[in-house]
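The values are calculated or read from the model by the stated rules, or taken from the named source; none is laboratory data. If you're wondering where the values come from, they're calculated on a predicted model, not measured in any experiment. Heads up, the Cβs are rebuilt from the backbone with ideal geometry, glycines too, and the neighbour counts pull from every protein chain shown.
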Amino acid sequence: MIPKAGLGTDAAIAPPISACAVAVTTIQYTPFVNLIQTLGYGNLKHMIPVLFSIGSLSVSSYGVFLALGICFGIFLVWRLCRAWDLDEEKILDLTVLTFIGGLVGARAYFVILNLQYFISPLNLILINKVPGLNFWGGILGGWLTLYFAARRFKMDFWQLADIALVGMIGGLILSDVGCFFGGCNIGIPSSAFFGVTMVGSLGKRWPIQLIESLLLSISLVKIWSEATHFHQRGKIASLGFIYIGIIKLMLDPLKQDHSGRIFSLSFVLLGLTIYYKVTKQNPIKHLKIFGNFLVKFIVDSEVRKRVVQIVYKSWYNQKTIIGWKLRNLKKLLRRFNVKFS
């Protein structure tokens with residue numbers, strides 16, 4: 001049996017064809033129509049691992065969203081290059097090299113974890129026969145490639161790391177959506193109304209992939225604001241590592257696979273180390289401030305009241321901003337004769 005693959009730990013470019021698609025001689029649009037109905041009516045009864053098929057060739061939803069994630073990540077990298085007045089061509093070349101290095105690392109780490117399925121050397125290359133990538137292997141391979149490429153081209157590694165981290169978060173946002181439709185990196189069973197049925201699993205599950213995508217989107221907005229203003233080189237990379245690590249640690253109890261917990265904690269520690277190194281701040285001082293605040297929050301009701309007011313005010317402001325953006329979007333769509341029921 002081929003190992004189940006998922007982006008969280010073991011990710012598949014496409015689920016096994018025999019489990020997800022029916023071989024036909026004409027184009028099958030049924031899953032794609034199901035996706036459109038889901039977006040229109042909000043009633044998702046099952047996952048959509050394959051969008052459509054042309055004969056024996058199947059186009060997986062995970063593969064489509066992975067490709068969209070790569071394009072979105074490259075777009076963010078390009079925007080930062082223009083904002084920072086960098087050599088766009090050279091940076092995009094490094095982006096491609098980093099992506100290839102990440103792909104090789106992701107495949108290699110997956111193979112190491114599942115050696116029993118790779119008796120034939122061809123299975124190492126034929127990803128459609130034995131699909132599988134590993135998220136943490138991809139991270140390691142990509143960052144090692146970026147480090148050696150920066151030394152080879154004599155460029156500032158921390159500046160490149162800042163750019164790469166923004167693009168990586170952008171890619172993860174859409175790849176998580178693809179993982180949701182593909183049924184990988186599944187959550188624990190849930191009886192809540194938002195529970196969904198995942199491919200290859202019994203019962204409804206937490207839509208952990210969509211939750212992670214949402215939290216990563218929020219972190220991208222925060223990091224983008226930092227990246228487009230003056231900052232110490234390496235600060236954006238450190239914040240990105242911290243955000244990704246914290247998000248994955250927060251969601252780990254809701255995941256069925258907990259093998260990435262150590263890597264998530266390592267991300268947080270690495271991000272904190274880089275942050276205090278590049279900003280030259282004192283972590284002990286910050287710990288004391290946080291400790292004092294925590295004690296006051298526990299024993300002083302006025303402090304708790306102020307914290308709640310601040311959180312509520314921030315939530316209200318964000319809700320108002322989103323509301324105005326949606327109204328403006330609705331006005332724009334009406335100019336193109338898009339009608340709303």
Counted residues, region 188-231 - those being assigned to a helix (DSSP H, G or I), of a type in the set (S, T, N, Q) and closer than 30 Å to residue 86 by Cα: 4
Any chance residue 297 is surrounded by 13 or more Cβ atoms within 10 Å (Cβ to Cβ), touching a helix residue (DSSP H, G or I) at 6+ places or on another chain (Cβ under 7 Å), of a type outside the set (A, V, I, L, M) and assigned by TED's automatic domain parsing to the domain that holds residue 147: no
Among the candidates 272, 202, residue that is assigned by TED's automatic domain parsing to the domain that holds residue 66, free of Cβ contacts under 8 Å to residues at least 24 places away in the same chain and more than 15 Å from the chain's Cα centre (by Cα): 202
Sole exception among (1) under 21 Å from residue 266 (Cβ atoms); (2) of a type in the set (S, T, N, Q); (3) at pLDDT 90 or above for residue 175, by number: (3)
Hits in region 178-195 (condition: touching a residue at least 60 places away in the same chain (Cβ under 8 Å) and either among the polar types (S, T, N, Q) or surrounded by fewer than 22 Cβ atoms within 10 Å (Cβ to Cβ) (or both)): 185, 188
